[in-house]
Structure formats: structure tokens, C-alpha cells
Protein chains: 2
Amino acid sequence: MFDRGLLIRTGVDGLYGRSGAFESVVEALDRLVSRIGAADGAEALRFPPGMARSSFERSGYLKGFPHLAGTVHSFCGNEADHARLLACLDAGEDWTAKQAATDIVLTPAACYPLYPVAAARGRLPEDGLLFDLQSYCFRHEPSLEPTRMQLFRMREYVRMGTPEQVLAFRELWLQRGNTMMSDLGLPLAIDPANDPFFGRAGKMLANNQRAQALKFELNVPVNSEDKPTACLSFNYHQDHFGTTWGIQQADGSVAHTACVGFGLERITLALLRHHGLDLDAWPATVRAQLFG
Amino acid sequence: MFDRGLLIRTGVDGLYGRSGAFESVVEALDRLVSRIGAADGAEALRFPPGMARSSFERSGYLKGFPHLAGTVHSFCGNEADHARLLACLDAGEDWTAKQAATDIVLTPAACYPLYPVAAARGRLPEDGLLFDLQSYCFRHEPSLEPTRMQLFRMREYVRMGTPEQVLAFRELWLQRGNTMMSDLGLPLAIDPANDPFFGRAGKMLANNQRAQALKFELNVPVNSEDKPTACLSFNYHQDHFGTTWGIQQADGSVAHTACVGFGLERITLALLRHHGLDLDAWPATVRAQLFG
């Protein structure tokens, strides 16, 4: 992967450059997901890789995943402060202590900036709403496994509405995701899963999530057969985001939400693992799906 | 723009969501630039919106632009620290002071992660090298002008080689950029420019940059006629990055570099300003360039 230049090391684990060939697969997957979902008429929105800190704070992310979040800090000093910063830098000392938090936090999942925007529109229509999102996301989990990047792209569809509407959406995408990945020639299993909640209290949250079957992941062996890699995830949030953001159904009750997320780099890595590092030598059926 | 939903407010100045229509223009511009440069055979590389802090420190960015940089910080504490963080958050107190700097800094310009990668490849070939880049970039300059975003996309071509090679590249793109923007029906002027260096010492750097004609910008009136917006920039770095990173020409002398940068959101905003907010009503010649 690195020797062939598909990924490029930067000196930081989990932070890599991508070659043109790698990107062509990411873009093809993005288009494939669009084609599969096209008939649903989702509203496309694209947010940058950072979101408003005030929204992030309200989202509840810090309760579950404080260790994964990335806040953006900046220098706010005068010229004397600048001279001291440069002196620290020259001396190899820590120059970052004086950086102050800005109003921006890196986006932890593509859908996080969406909820306040949806809430601001007022009550949902009877049919609920469906959104199409994609952005670079950040998670602070340096790792040597290329499948665990600190900055990666997540494509998502998010459904808001009644419990029945959002569960039907999740069921539909469980089937579509299964078909999509099978058609790409990837061995897969769909398994119950949980988010990586922080600490001992987090263990309980994770157990609840599994017991209630709120999260499923579509796993493909990439780094190893024993620990396959979650390439898609299917999440029923119940009324968590609806309550947090005050999103209401048409009848005024709290909206439920669900999302399906596609790890674009992870699916790309799965394809490279199973079909080889030379894209031109991939099976014709797979190439037709992606580049047809 | 905001009323029509082309851009979506997030509560932070300079941080906006993009509608599907807005994105379709950004993507069309990206493709247009690719078509114009296709014959040159540039090597495409795509870096995420963050770069290695060690590379950022070495780049010299903090000398010129400490106020624009964004460092990424994370929580590195234990469960007791987490409880204190949540207590601060609940009390509306500052919870960010305990965040520690990670190894990642937000990318300030698309080409910054490239130089160490190019240097690691050894001496340039006789013809030099040409790279094609695009990424989200961060600059901490909150502003009410939609043309001055904190997170925006920059497309770039970067040339490395002899002074003659890189100056010829810049001249070529000055012409191509002029033609491209004229063909898009935009009124424009190409003007000498300088980077927004920090402080009083920065004033001198800016004056030198202008006196030596190192930077030109292609300006289009967007927010106002008096202060047009730089949509493209053409930069001759002399041996700055070659010396900083030890990039050598084929004969062992220090490489010179130049880049052309396209502000994809800014060009999109210029098109919306001059051709209207309804993309379907844009002049047929412009639509043919972008969506043809």
C-alpha cells in the first residue's frame, strides 16, 4: 500500500496522503452510493470538516467520546507573544500551550452538523426528512492500522421521522449495503455492534446499545480475518438527537433518527485487500460497478 | 445566498454548510481546472485537511501567519478528568483549557503537506515535477463576508524545478486562469499582491513580496466593486520551500517552486454574484463550460 504509493506516510500514524488511484476509488464509491440511493430523493448537504463548537457541546459527544474529539485552537496574541512563540519553536519547546480554543471543533461524524440545521426548519413533514451527507471526519485514535485513520471520509444518509419510518430506512439500507458490498466481491458479515464509549460508564452504554440492537456494522476482513473492519454502519438513535435538538415530528412528538454511514477509505482498503493493488486488474464486474 | 439555502449558517462566522447546488458548482470547477491542466500530466495527490505538526512547524508558516493557523487539540485524561470536563461543560465554564495539542495541525494551504513528501523522493528529474492537489484548508479569520471562510477548498498545481521552469509554469497559468475566468463570464483583473503576513515585521515581508512580483492574484468583484475578491493566486516561492525541505534540482542545486491556487468556494460565489442564484438560468456558454 505504502510501497506502491497508494497511501503516503506523513510521519503521523493514521494521517496519510492518497494517490490519484486511491482517490479514484473513493470517488467511484461515493458515486455508487449516490446511484443506489438516487430514487429516494434525499436532500444533499455538504458541511466542511469542522463544526460550530456550541453545536458540538450540545450534541452530547463529549459524554460518550471525549477522547476522540479534536478542538481547533489558534494563536491570539500580539507581536511580543509571537516572538515568544517563535523562541519556543526554535528551542524545541512547547509553543502550543498558549493557543486558545476557537469556535470550531472537528466534525466527528458527517451527520453531527446536520441536526441543528434540521431543527431550525421547524416540524418535520408527515413523510419525515432524508438527508445525504459526506465529509472528512476526525477521531483522535492514532493507530498503525491503515483502516483506522484520524482523518477519513464518511458518506451518510440520515432519516428523521417516526420510529417506523426510520427503522424501515435502516432495514432498507441493511439490505442495500449487503447487496452493494456483495456485488463488489467482498466477503462480509453484518453484526450487532456498539460505539467505543469512554471509560467504565461507557461499558454500560455499549452493553445497552447492543442489547437494544441499535447499531449494526457490515464487517469485511481487511487487516485480519479475526478482527474484520467495519465498513458500513447502521444506527438507530431512537429519540436521542430529536430530544437533544428539539426536532419534532409532524404531530409535535419528538422525532426519531437513524443513519447509514459508509467509511469510504475503509471500503477502498477492503477492495484493495481483496482484489489487489492494481486497479486495472480488478474483476471486470467490480470495475463495472465502480467505473462503468 | 443564505435565504436561498445555497449556504447554510452554523452560528460561526466563516463556517457554512453548502447545498447540493453549491457543491455541484464547486465540483464542476474542479473538473474544469482538471481539463485545462490535463495535458501537463501532473501527479495527483490528495491530502486530508490536517497535516503533521512536525512538518507544519518546519514549514515556516508560524513565522508569517501565526494568527491564521489552527492546531488540533484533544482530551488525554482519565475518568476523573472526564467527570471534571463534563462538570465544566454543565456549568458553562471553559472545558477546553485541559485539551492537549495533538500531532496534527489544520492544513493552511493545499500544498503544505506536499513539500516533505517531494523532498523524500530525492533529487528532481531534469524536467522537474508537477503536482495536482486539492484539500479543505483552514484559516482563523472569522468574517461576515462569505468570501472569507475559515474552512474552504483550494485546488492547486505546484511546479518544482529550475527558476526558468517554475516561472514558465506560472506564466502559463496566468494566461490559462485569465482565459478560464473570462470564459466563465466574470469581470476580472490580475494584480500584484502580497500575503497577509503578521505584525510590523510582516509589513516588510509583504513589501518585498510585491517589489519582487512574487505573487499575483486574479480578482473578481464579489462583495464590492472597491475590494474585489482574490479567486486565483499565482505564487513564485523562489527557493523558500526548496531550502526549507532540502528539495534539490537534478544538478544538486536548490529547487525553486511555484504554485497556482484556485479558491473553489470564491469562484463559485463570483459565479453566483454575476450570473444569479439560479444555476439553471446561467448563460448557456457558462453552463456548457461547467456542466457541458
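The values are calculated or read from the model by the stated rules, or taken from the named source; none is laboratory data. Model, not experiment: these values are computed from the prediction. Please note: Cβ atoms are built from the backbone with ideal geometry, for glycine as well, and neighbour counts cover all protein chains shown. In case anyone asks, the SASA skips ligands and DNA or RNA and just uses the protein heavy atoms, side chains included. Shrake-Rupley method; radii C 1.70, N 1.55, O 1.52, S 1.80 Å.
Observations
- Counting residues in the range B:264-280 that are out of contact with any helix residue (DSSP H, G or I) (no Cβ under 6 Å at 6 or more places or on another chain) and in a strand (DSSP E or B) gives zero.
- Some residue of the range A:141-149 being in a loop (DSSP other than H, G, I, E, B), more than 10 Å from every other protein chain (Cβ to nearest Cβ), out of contact with any strand residue (DSSP E or B) (no Cβ under 9 Å at 6 or more places or on another chain) and open to solvent by 40 Å² or more (accessible area, probe 1.4 Å): yes
- Scanning the range B:158-198 for residues that are aromatic (Phe, Trp, Tyr) and touching a His at 6+ places or on another chain (Cβ under 6 Å) yields a total of 1.
- All positions within the range A:6-15 that are free of Cβ contacts under 8 Å to residues at least 24 places away in the same chain and either in contact with a Leu (Cβ under 9 Å, 6 or more places away or on another chain) or among the acidic types (Asp, Glu) (or both): A:8, A:9
- Within the range A:1-27, the set of residues being farther than 25 Å from residue B:104 by Cα and buried (at least 19 other Cβ atoms within 10 Å of the Cβ) comprises just one member, A:25.
- In this structure, residue A:200 does not qualify as part of a helix (DSSP H, G or I), in the same structural domain as residue A:253 (by the TED database), touching a residue at least 60 places away in the same chain (Cβ under 8 Å) and over 30 Å from residue B:136 (Cα atoms).
- Given (1) at pLDDT 95 or above; (2) touching a Ser or Thr at 6+ places or on another chain (Cβ under 8 Å), number of the condition residue A:276 does not satisfy: (2)
- Evaluated against (1) without any contact (Cβ under 8 Å) to a residue 40 or more places away in the chain; (2) crowded, with 17+ Cβ neighbours inside 10 Å; (3) among the small types (Gly, Ala, Ser), residue B:135 falls short on exactly one condition, (1).
- Verdict on residue B:217 being open to solvent by 50 Å² or more (accessible area, probe 1.4 Å) and either part of a loop (DSSP other than H, G, I, E, B) or touching a residue at least 12 places away in the same chain (Cβ under 8 Å) (or both): no
- So residue A:191, is it within 18 Å of residue A:43 (Cα to Cα) and either within 13 Å of chain B (Cβ to nearest Cβ) or open to solvent by 10 Å² or more (accessible area, probe 1.4 Å) (or both): no
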